[in-house]
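Quick notes on the structure that follows.
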Amino acid sequence: EDVLATMDAIKAAWMIGDVDGARKHFLSEMETFEADGSLLSPLDFEASKAAFAAGLKFNVQSAHSEVTIYGDAAILTEYHTRQLTPPGGTLVSMTLRATLVFVKQNGQWKGVHVHASHLTPKNPE
């Protein structure tokens, strides 16, 4: 339940453009494989802030969330339906598979790794 609550807080922060609100739920060493096929890289929080300031709109809905706890580590798997509207751009919708790794530090779950990839077929039902 705590891992899912942390993920809900992360999603809620991203959807209102509160990058710092999302960032507090991640370790500074957090890295991601994003759905664009890019190499493993740190999440660029400053670029995200700039994008939101320029008008980025972001929405994400999760389905079929499953959490497995391994002591002070947890793996969350779920499907994401994301809608992104880049500044001055056109709405882009995608359905993704997402795996997130969390570690427990000082009693709080912190994200340390995200892997997102496109789902085929698009409906996770």
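The values are calculated or read from the model by the stated rules, or taken from the named source; none is laboratory data. None of the values given here were measured: they were computed from a predicted structure. Counting neighbours? That spans all protein chains shown, and the Cβs are built from the backbone with ideal geometry, glycine included. We work out accessible area using only protein heavy atoms, side chains counted, and drop any ligands, DNA or RNA first. Shrake-Rupley method; radii C 1.70, N 1.55, O 1.52, S 1.80 Å.
The table below lists the values:
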quantity	calculated
Positions within the range 20-39 being at pLDDT 95 or above and farther than 17 Å from A74 by Cα, in sequence order	D20, G21, A22, R23, K24
Test for L100: is it more than 15 Å from the chain's Cα centre (by Cα) and open to solvent by less than 30 Å² (accessible area, probe 1.4 Å)	no
Number of positions in the range 11-35 that are β-branched (V, I, T), in contact (Cβ under 8 Å) with a residue 60 or more places away in the chain and assigned to a loop (DSSP other than H, G, I, E, B)	0
Among (1) of a type in the set (G, A, S); (2) open to solvent by 50 Å² or more (accessible area, probe 1.4 Å); (3) modelled with pLDDT under 95; (4) within 23 Å of G17 (Cβ to Cβ), the one test that A54 misses	(3)
Search result, residues across the range 36-63 that are small (G, A, S) and under 11 Å from the mean Cα position of the chain (by Cα)	S62
Pairs, first within 21 Å of V92 (Cα to Cα) in the range 36-56, second aromatic (F, W, Y), C-beta under 8 Å, six or more apart	L43/F26; F52/F58
Boolean, E66 is more than 18 Å from R97 (Cβ to Cβ) and either open to solvent by less than 50 Å² (accessible area, probe 1.4 Å) or more than 14 Å from the chain's Cα centre (by Cα) (or both)	no
Filter result for the condition that a residue is surrounded by fewer than 16 Cβ atoms within 10 Å (Cβ to Cβ), at pLDDT 95 or above and closer than 18 Å to N106 by Cα, over A5, A12	A5
